[in-house]
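Below is one structure, written out as structure tokens; comments come after it.
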Amino acid sequence: MSLHTHSIAALAEGLAARRFSAVELAEHFLKRIESANPRLNAFVTITRERALADARRADEARAKGGAPRLAGVPIAHKDIFCTDGIRTSCGSRMLDNFVAPYDATVVEKLARAGTVLLGKTNMDEFAMGSSNETSYYGPVRNPWDLAKVPGGSSGGSAAAVAARLAPAATGTDTGGSIRQPAALVGISGIKPTYGRVSRYGMIAFASSLDQGGIFAASAEDCAYLLHAMAGFDPRDSTSVDSPVPDYVGELGTPVKGLRIGLVKEFFGEGLDAATAALVQASIDRYRRLGAEIVEVSCPSLPLSVPTYYVVAPAECSSNLSRFDGVRFGYRCENPKDLLDLYKRSRGEGFGAEVKRRIMTGTYVLSAGYYDAYYLKAQKVRTLIANDFRRAFAAADLLVCPTSPTPAFDLGSKVDDPITMYLNDIYTIGANLAGLPAMSIPCGFIGHLPVGLQLIGPHFGESRILSAAHAFQRETDWHRRTPAAYA
Amino acid sequence: MSLTRRDVEGIAHLARLQVTEQELPVYVDSLSKILSFVEQLSAADTAAVEPMAHPLEGEVQRLRPDEVAESDRHEKYQANAPQVKAALYVVPRVIE
């Protein structure tokens, strides 16, 4: 059986025609997970019984008629989304014992859409990392090469989809945590507009940047899932109350006449030459499809990484103050007083990168430094957002690399935070400006995949997905799977 | 930007994080590097630029009426607490 290479549409069609049952489909993926996970470490929790129960319910709904279109389609959730009654660890010792008491809105919506929960995926601790090496549960390995990182922070979800252990998986993206791993493992991943997908029950990292999204093999598959996830949620005060377009129905929008902008600053130093060549070939392909290519400039964009590394740590130091060893999460042994309880619970419960970011954030928010760092960064952020606004007056979409290089070796950057942070140089801008952006596979360097990034204006998801879909009708990079997981 | 051990001890205290003797020099080094790295922001001309208040232009944080919308589920929530007694969270004695 090759059910794991089917598109979401083919799975839904096969389930509707009763060529296979949801239970058979769940078993197929569970077996693949159980066989591959000891090597990849993509899942931290496999929810076998829950998957089979969900699948039986989907089969019953299909038998009765009127089942939702994704009934029986298996998915995995990044372990940052709260799942009622299932451990939700966020990749941290701090939440190793935390059983979520409710479902995140994304989890609830995808369950209502009929999806089957296979398990929870590994991630960088509290989503802070670009290599999935900061997880309390150990690194995830790249299915294309076990010595390489899968990217991060949603590395487990990305590796799971790349190895076809799940047809789709949720992720979150604060500075590139969906797009960069999608690029490094050769799959498609979309970060929607800030506020498009509810963050209720999604453990907060940096609240002015965080946004949930989805990984799947293709843009078409992403469109099915995003449609089920997106929409207004009164429980998230940043959720935007605007109608969700028919992402699947609009996939066929032609590329002809589309104005594609090339941001000059994205093609400068630091970009690997082989990656640049593949991105250039992709741009040529869009030109052949009838797109008009224009050059645009975003002069403040080179400041996006330092801006991010003020804003994100500042917000994380505030958000993570809730982990106090009192109400939930890790508590140290034998605290001698309340201060000792706070300090040791947090000192022992958080890993090195999380502590580094909390301290960076504490410093930039502290008395006497707020104006010089945080306020300054928020002003530069305005400049970056203005740059993008001008760019979108001249272009409908921006196209650029997702990551400066293909997947790097495990352990090669983990001791050097600045080098690690610079991995996100092409992805952070979209978060700072709240823009939707996607990575799709555009070729290989040796045996390692390379990603192409498409950035759209606010609520331009449909245009991004249709442009990505047009590219994928002409190419088969997104259908390639690592030989060991074919 | 170069931080001292004392600086980092002060930051760790404000953040309520215990940092061990072995960890301290590592944080002195990496936090100094990060602060030097972000210092390039000071070169940007931001005179007359408003700090960003929301990533979406014109959007503001929505308010809701102050009405009870949730049922009492303290037992379920407190199942995750390290120590609970009579529906109260237990911590070390604060007042002698």
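Some observations on this one:
- Loop sites here are GluC sites (Glu not before Pro) outside DSSP states H, G, I, E and B with no more than 15 other Cβ atoms within 10 Å. The longest part of chain A free of them is A:1-249.
- Helix content alone sets the calculated 222 nm mean residue ellipticity of chain A: runs of n ≥ 4 DSSP H residues at -39500 (n - 2.57) each, divided across all residues, give -11500 deg cm²/dmol.
- Protein heavy-atom surface of region A:3-256, 1.4 angstrom probe: 52% of the accessible area is carbon and sulfur, with nucleic acids and ligands not counted.
- Largest first, the residues A:K336, B:K33, A:K191 sort by 1.4 Å accessible area into A:K336, B:K33, A:K191.
- If R0 is taken as 41 Å, the Cβ-Cβ distance between A:R18 and A:A484 corresponds to a FRET efficiency of 0.85.
- What separates the Cα centres of region A:200-254 and region A:425-474 is a distance of 15 Å.
- Each Cα pair under 8 Å and six or more residues apart adds its separation to the average, and for chain B the resulting relative contact order is 20 percent.
- For region A:299-362 and region A:1-16, distance of Cα centres in Å: 43
- Hits among lysines - C-alpha to C-alpha of A:K376 under 28 Å, sequence gap 8 or more where chains match: A:K191, A:K264, A:K355, B:K33
- Contact with the other protein chains removes 40 Å² or more of accessible area, compared with the isolated chain and a 1.4 Å probe, from these residues of region B:1-39: B:I11, B:H13, B:A15, B:R16, B:L17, B:Q18, B:Y27, B:L31, B:I34, B:L35, B:F37, B:V38.
- Averaging Cα coordinates gives a centre for region B:39-96 and one for region A:41-86; these two points are 30 Å apart.
- Of the residues B:V49, B:V60, B:V84, the one that moves most in a GNM of chain B with alpha-carbon contacts below 10 Å is B:V84.
- Among complete DSSP H helices in chain A, those whose alpha-carbon atoms stretch at least 27 Å along the helix's long axis and whose mean Kyte-Doolittle hydropathy reaches -0.5 are A:376-394.
- Association of chains A and B removes close to 5200 square angstrom of accessible area from solvent, both sides included, for a probe radius of 1.4 Å.
- Two-decimal ratio, chain A, of alpha-carbon radius of gyration to 2.2 N^0.38 Å: 0.92
- Rounded to the nearest angstrom and listed largest first, the equivalent-ellipsoid semi-axes of region A:26-148 from its Cα gyration tensor are 27, 17, 11.
- Cα shape, region A:276-367, gyration tensor, a/c 1.5 rule: prolate
- Dipole moment magnitude, nearest 20 debye, the protein assembly as shown about Cα centre, only Lys, Arg, Asp, Glu C-beta charged: 1020
- Average beta carbon contacts from partner chains per residue of A:351-358, 10 Å cutoff: 3
- Solvent exposure of region A:3-256 as accessible area per residue, Å², 1.4 Å probe: 27
The values are calculated or read from the model by the stated rules, or taken from the named source; none is laboratory data. Small disclaimer: the values here were computed from a predicted structure and weren't measured. Cβ coordinates were reconstructed from backbone atoms using ideal geometry, including for glycine residues, and neighbour counts include every protein chain displayed. Ligands, DNA and RNA are excluded from the accessible area calculation, which covers all protein heavy atoms including side chains. Shrake-Rupley method; radii C 1.70, N 1.55, O 1.52, S 1.80 Å.
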